[in-house]
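Asker: A single structure is presented below for examination.
The values are calculated or read from the model by the stated rules, or taken from the named source; none is laboratory data. What you see is a predicted model; the values in this text were computed from it and never measured. No Cβ is skipped: glycine too gets one built from the backbone with ideal geometry, and neighbour counts run over all protein chains shown.
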Amino acid sequence: MEFHIETRDPRSEARVGVLRTAHGAVETPAFVAVATRATVKALSVDDLRDIGVQILIGNTYHLILRPGAELVAELGGLHRFSGWDGPWMTDSGGFQVFSLGAGMEHGVGKIAPIFPEDAPPRPKGESLVRVEEGGAWVRSLLDGSWIRFTPEGVIRWERLLGADIILPLDECTSPFHDRDYTARAMERTHRWAERALAAFEKTRGLGPNPDQALYGIVQGGAYEDLRRRSARVIGGMGFPGFAIGGSLGRSKEDMYRVLEWTIPELPPERPRHLLGIGTVEDIVEAVARGIDTFDCAAPTRMARNGTLLSADEEGFRLHIKAARFRRDERPIEGDCDCPTCRRYTRAFLHHLFRCGELSYFRLATLHNLRFMVRLMSRIRSAIRAGRTLTPDALLPG
C-alpha cells in the first residue's frame, strides 16, 4: 500500500491524496461503503461501480460466523467471493466486542446515536462479552456459542479474508467508562497491537492477498492525555496507516477535540481513517482536522429506514414516509445524477416505502451512497481550489 498527498489546505489540516492498493487506487478524502457480510445491502457490485464507490469494508465478526474465513479464502478471498475486485478493508470485530459487551451494559451502541447527548439512553442489557488480557470471548449471534477473539486469531481470519487493509483487535470503550478503565483498555490495546504486528509478520503467505496492509488503532476515549499517548505509541510502531476508534466522547464537540488531540501526534505522511462516522457535518469537520477516509453504516441504514440524504432539505435529511411527499413530483435532490433521481419522483418513492416494496431499498440505497460519493468529490475539489470547507458551501440546494 502507498499513500501520496497531492494537495494540502493552508488554512486547515485537510488534504487530498491517493491511497494505492493492489486492487486499485482510492482518491481521498473518501467514504468507505459498509459491506458487513461481503455485500452492501440491496446493491450489486455493478451498482456500486456505477455510482462511483471506491472501496468497501467488511466485518470480520460476521464473516467468520457466515460463511467462515476459511471458505472465503478457498473461494478466492473477498475480491473473488463477492465479485468486488476493487479495494477492500476489514475491521477486526473489535466493535462487536464493544457493542455486545460494554455497549449492552451502558445502553450505547451502533443502532442508537453514538453520542449520548444526541438521544435518550437505550435500554441496558446483559453483556455477551468477556474481555481478558489474552483476548475476548464473544457470544455468537447465530447459536449463542462462545467465540475466542485474540490478536493473533483475528489476524489469521483477516489474512484468509484477503482485504487490502485490515485492522487489529482493539478494546473500544464507552462514553460512560471512567478514566481508569479507559486507560487500562488503551494499554491493553497497545499490547494487542504489538501481538497483531508479530502475527501479521508470521502469517505472510497465508490467504489470497500477499499485499495486505495492517493499520494501527488509536484509543484513549475522550481524555486528552490518553489520546495523545495512544497516538504516539501506535504511531511509533511502524503501521503504514492508522484508524481512530473507541469512544469519541459524549457529543460531536468532544469528537472534534479528540481529533485535534490525536492527529498531530501521528506520522503526518500516513493515511488516517475515522471509524464509524458518516454524517455530512461530521465528515466536513473531520476532513478539516486531517482525516482521509471514513466508514459508516448510517447512509445505507437510513435509506432502508426511510431517510434520504438531500441538500434540498434542512439538515440534509428527507423522511420519505411523510404525507407531504405523496404528490411531490420532484426527485430526492434537484441536481443529483444518481439512477434514482434521474428517473423517479419523491411521490413514487413515498409509495414504495409505504407499501414495503423491495425495490424501494435498492433505489434509496443507490441515492444515499451516490450522495456520499458526490460529497467526497466536492470536498476534494474544494480543497484543491482552496475553498472553505463547510456543509452549506459544499452542497448547493
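Asker: Among the residues of the stretch 246-271, write down those that are surrounded by 16 or more Cβ atoms within 10 Å (Cβ to Cβ) and assigned to a helix (DSSP H, G or I).
Answerer: If the condition is that a residue be surrounded by 16 or more Cβ atoms within 10 Å (Cβ to Cβ) and assigned to a helix (DSSP H, G or I), then K252, D254, M255, Y256, R257, V258, L259, W261, T262, I263, E265 are the ones that fit.
Asker: For the structure I just gave you, tell me whether G17 is of a type outside the set (A, V, I, L, M, F, W, C) and closer than 25 Å to S140 by Cβ. First the steps, then the outcome.
Answerer: Details: of a type outside the set (A, V, I, L, M, F, W, C): yes; closer than 25 Å to S140 by Cβ: no.
Considered against the rule, which asks whether it is of a type outside the set (A, V, I, L, M, F, W, C) and closer than 25 Å to S140 by Cβ, G17 comes out as no.
Asker: Please pick out the residue among I64, I57 that is buried (at least 17 other Cβ atoms within 10 Å of the Cβ), over 26 Å from N368 (Cα atoms) and either out of contact with any Ser or Thr (no Cβ under 8 Å at 6 or more places or on another chain) or in the same structural domain as S145 (by TED's automatic domain parsing) (or both). Reasoning before the result, please.
Answerer: Numbers: I57 fails: over 26 Å from N368 (Cα atoms).
The unique qualifying residue is I64.
Asker: Right, another one. So, of the residues in the stretch 156-191 that are in contact with a strand residue (DSSP E or B) (Cβ under 7 Å, 6 or more places away or on another chain) and part of a loop (DSSP other than H, G, I, E, B), which turns out to be surrounded by the most Cβ atoms within 10 Å (Cβ to Cβ)?
Answerer: Ranking the candidates gives D170 first.
Asker: Can I ask one more? Identify, by number, the condition in (1) touching an Asp or Glu at 6+ places or on another chain (Cβ under 7 Å); (2) more than 22 Å from G94 (Cα to Cα) that P268 doesn't meet.
Answerer: The one condition P268 does not meet is (1).
Asker: Please go through the stretch 26-56 and give me each residue that is polar (S, T, N, Q) and outside any loop (DSSP other than H, G, I, E, B), ordered by number. Write out each step before concluding.
Answerer: Initial filter on the stretch 26-56 (polar (S, T, N, Q)): 28, 36, 39, 44, 54.
Hit for the stretch 26-56 is T28, nothing else.
Asker: Kindly provide the set of residues from the stretch 187-211 that are in contact (Cβ under 8 Å) with a residue 60 or more places away in the chain and touching a helix residue (DSSP H, G or I) at 6+ places or on another chain (Cβ under 9 Å), ordered by number.
Answerer: Passing the criteria: G207, P208, N209.
Asker: Identify all residues within the stretch 320-375 that are of a type in the set (G, A, S), part of a loop (DSSP other than H, G, I, E, B) and in contact (Cβ under 8 Å) with a residue 60 or more places away in the chain; write none if there are none. So that I can check it myself, show each step before the final result.
Answerer: Step one: of the stretch 320-375, the residues of a type in the set (G, A, S) are 322-323, 334, 347, 356, 359, 364.
Filter again for part of a loop (DSSP other than H, G, I, E, B), leaving 322, 334, 356.
Hit for the stretch 320-375 is G334, nothing else.
Asker: Separate question: Considering (1) modelled with pLDDT under 95; (2) under 30 Å from A185 (Cα atoms), say which one P10 fails and leave the rest.
Answerer: Result: P10 passes all but (2).
Asker: If you go through the stretch 68-86 one residue at a time, do you hit one that is outside any helix (DSSP H, G or I), within 16 Å of the chain's Cα centre (by Cα) and not small (G, A, S)? It would help to see each step written out before you state the result.
Answerer: Here is the first cut: in the stretch 68-86, the ones outside any helix (DSSP H, G or I) are 68, 75-76, 83-86.
From what's left, within 16 Å of the chain's Cα centre (by Cα): none.
No, every residue in the stretch 68-86 fails to be outside any helix (DSSP H, G or I), within 16 Å of the chain's Cα centre (by Cα) and not small (G, A, S).
Asker: Report, ordered by the first and then the second residue, all pairs with beta carbons closer than 7 Å, sequence separation of six or more or different chains, a first member in the stretch 272-293 that is over 14 Å from R257 (Cβ atoms) and assigned to a strand (DSSP E or B), and a second member that is modelled with pLDDT under 95 and of a type in the set (G, A, S).
Answerer: Short answer, once both residue conditions are applied: L275/G245.
Asker: Next question, about the same structure. Can R327 be described as farther than 22 Å from V32 by Cβ, exposed (fewer than 15 other Cβ atoms within 10 Å of the Cβ) and either at pLDDT below 95 or touching a helix residue (DSSP H, G or I) at 6+ places or on another chain (Cβ under 6 Å) (or both)?
Answerer: Details: farther than 22 Å from V32 by Cβ: yes; exposed (fewer than 15 other Cβ atoms within 10 Å of the Cβ): yes; either at pLDDT below 95 or touching a helix residue (DSSP H, G or I) at 6+ places or on another chain (Cβ under 6 Å) (or both): yes.
Here the answer is yes, as R327 does meet what is asked.
Asker: Restricting attention to the stretch 281-315, and to residues there that are of a type outside the set (D, E, K, R) and at pLDDT below 95, which single residue is surrounded by the fewest Cβ atoms within 10 Å (Cβ to Cβ)?
Answerer: Our first condition is that a residue be of a type outside the set (D, E, K, R); within the stretch 281-315, this holds for 283-284, 286-288, 290-291, 293-294, 296-300, 302-303, 305-311, 315.
Going one step further and asking which of them are at pLDDT below 95, we end up with 311, 315.
Values: A311: 20, G315: 11.
Ranking the qualifying residues of the stretch 281-315, first place goes to G315.
Asker: Give the residue that is farthest from E158 (Cα to Cα), with candidates limited to residues of the stretch 38-54 that are surrounded by 15 or more Cβ atoms within 10 Å (Cβ to Cβ) and charged (D, E, K, R). It would help to see each step written out before you state the result.
Answerer: Narrowing the stretch 38-54 to residues surrounded by 15 or more Cβ atoms within 10 Å (Cβ to Cβ): 38-43, 45, 47-48, 51-54.
Among the residues that remain, those that are also charged (D, E, K, R) are: 41, 47.
Details: K41: 21, D47: 26 Å.
Per the stated criteria, the residue is D47.
Asker: Another question, if that's okay. Report, by residue number, each residue of the stretch 256-271 that is touching a residue at least 40 places away in the same chain (Cβ under 8 Å) and not charged (D, E, K, R). Can you show your working first?
Answerer: In the first step, residues of the stretch 256-271 are kept if they are touching a residue at least 40 places away in the same chain (Cβ under 8 Å); the result is 262-263, 266, 269-271.
Hits for the stretch 256-271 are T262, I263, L266, P271.
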